[in-house]
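A short worksheet on the structure shown next.
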Amino acid sequence: MLCFPVLMRSRCLFYYLVLHQDKYKRLQAEIDQRPEPLHNDWLGSLPYLNAAINEALRLMPPVPAGLQRVTPPEGMHLAGQWIPGNVFVSVSAHTVQRDPRNWGRPNEFIPERWIGEGPEPCNRDAWIPFSYGTYGCVGKQLGLMEVRHIAAAVVKSYDMHFAKGFDADAFESTMKDDFNMTPPSVRVVLTPRN
């Protein structure tokens with residue numbers, strides 16, 4: 001048995017997977033179907049792995065408050081509203097990604113929504129953890145690839161549960177928005193799988 005704080009970029013994903021052991025086991029079963037070594041060529045095509053990552057990023061986006069933009073000097077219409085020129089605007093990914101107009105049961109971790117098995121609505125256009133458009137995160141694909149590898153390697157090799165004394169109920173409420181989301185440590189116990 002090994003107890004360690006989960007790596008920063010994967011904390012939220014592992015928090016939700018450990019909290020929902022049925023989803024952890026479903027992900028293990030999906031990864032177990034591929035006996036070959038982990039590789040980008042096929043990790044990106046695993047539906048439940050990608051669904052779990054998307055769902056964790058929906059609930060806990062890396063930049064929850066969103067990035068600021070400035071309206072053009074002449075002003076503009078935005079979502080049917082007139083915004084004067086030279087005004088800072090932003091869209092909070094955290095708010096949009098938990099809005100019940102966009103997501104059924106918006107505060108619940110339901111990876112199944114990404115593969116057509118979850119509650120409606122499921123507005124994928126409201127999934128913006130990496131921002132959107134021209135100024136979206138250039139590291140998005142690299143970040144997703146890294147999380148896929150970490151998650152698949154851990155889930156393939158270990159069973160996991162929260163370490164004694166870890167307060168799972170306090171996890172979400174102790175997040176900090178320091179421009180980037182700063183989650184608290186997630187202490188887990190890893191048990192090698194047979």
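FYI, it's all coordinate maths here, none of it is from the lab. Being a predicted model, the structure only gives us computed values, none of them experimental. Cβ sites come from the backbone with ideal geometry, for glycine too, and all protein chains shown count toward neighbours.
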> Which residue pairs have Cβ atoms closer than 7 Å, lie 6 or more positions apart in sequence or on different chains, and pair a first residue in region 115-143 that is among the polar types (S, T, N, Q) with a second residue that is assigned to a loop (DSSP other than H, G, I, E, B) and surrounded by 13 or more Cβ atoms within 10 Å (Cβ to Cβ)?
Replying inline: ASN123/ASN102; SER131/LEU67; SER131/CYS137
> Would you pick out the residues in region 66-88 that are closer than 16 Å to TYR135 by Cβ, in contact (Cβ under 8 Å) with a residue 12 or more places away in the chain, in a strand (DSSP E or B) and of a type in the set (A, V, I, L, M)?
Replying inline: VAL70
>> For region 92-121, which positions are among the β-branched types (Val, Ile, Thr) and surrounded by fewer than 16 Cβ atoms within 10 Å (Cβ to Cβ)?
In response: THR95, ILE115
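Being exposed (fewer than 15 other Cβ atoms within 10 Å of the Cβ) and either in a loop (DSSP other than H, G, I, E, B) or within 14 Å of the chain's Cα centre (by Cα) (or both) is the filter here, so list the residues in region 122-151 that pass it.
The answer is ASN123, ARG124, GLY136, VAL138, GLY139, LYS140, GLN141, MET145, GLU146.
For region 42-95, name all the residues that are basic (Lys, Arg) and within 21 Å of ASN123 (Cα to Cα). Break it down into steps so the answer makes sense when it comes.
First, the residues of region 42-95 that are basic (Lys, Arg): 58, 69.
The one that is basic (Lys, Arg) and within 21 Å of ASN123 (Cα to Cα): ARG58.
What residue, among those in region 28-59 that are outside any helix (DSSP H, G or I) and under 19 Å from the mean Cα position of the chain (by Cα), is surrounded by the most Cβ atoms within 10 Å (Cβ to Cβ)?
Filtering region 28-59 for residues that are outside any helix (DSSP H, G or I) and under 19 Å from the mean Cα position of the chain (by Cα), the one surrounded by the most Cβ atoms within 10 Å (Cβ to Cβ) comes out as LEU46.
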> Which pairs do you get when a residue that is within 22 Å of TYR48 (Cβ to Cβ), found in region 95-114, comes within reach of a residue that is surrounded by 14 or more Cβ atoms within 10 Å (Cβ to Cβ) and aliphatic (A, V, I, L, M), reach meaning Cβ atoms under 6 angstrom, with the pair 6+ apart or on two chains?
Replying inline: ASN102/ALA126; PRO111/ALA51; PRO111/ALA52; TRP114/ALA51
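Condition first: aromatic (Phe, Trp, Tyr) and under 18 Å from the mean Cα position of the chain (by Cα). Now tell me which residues in region 70-121 satisfy that.
TRP103, PHE109, TRP114
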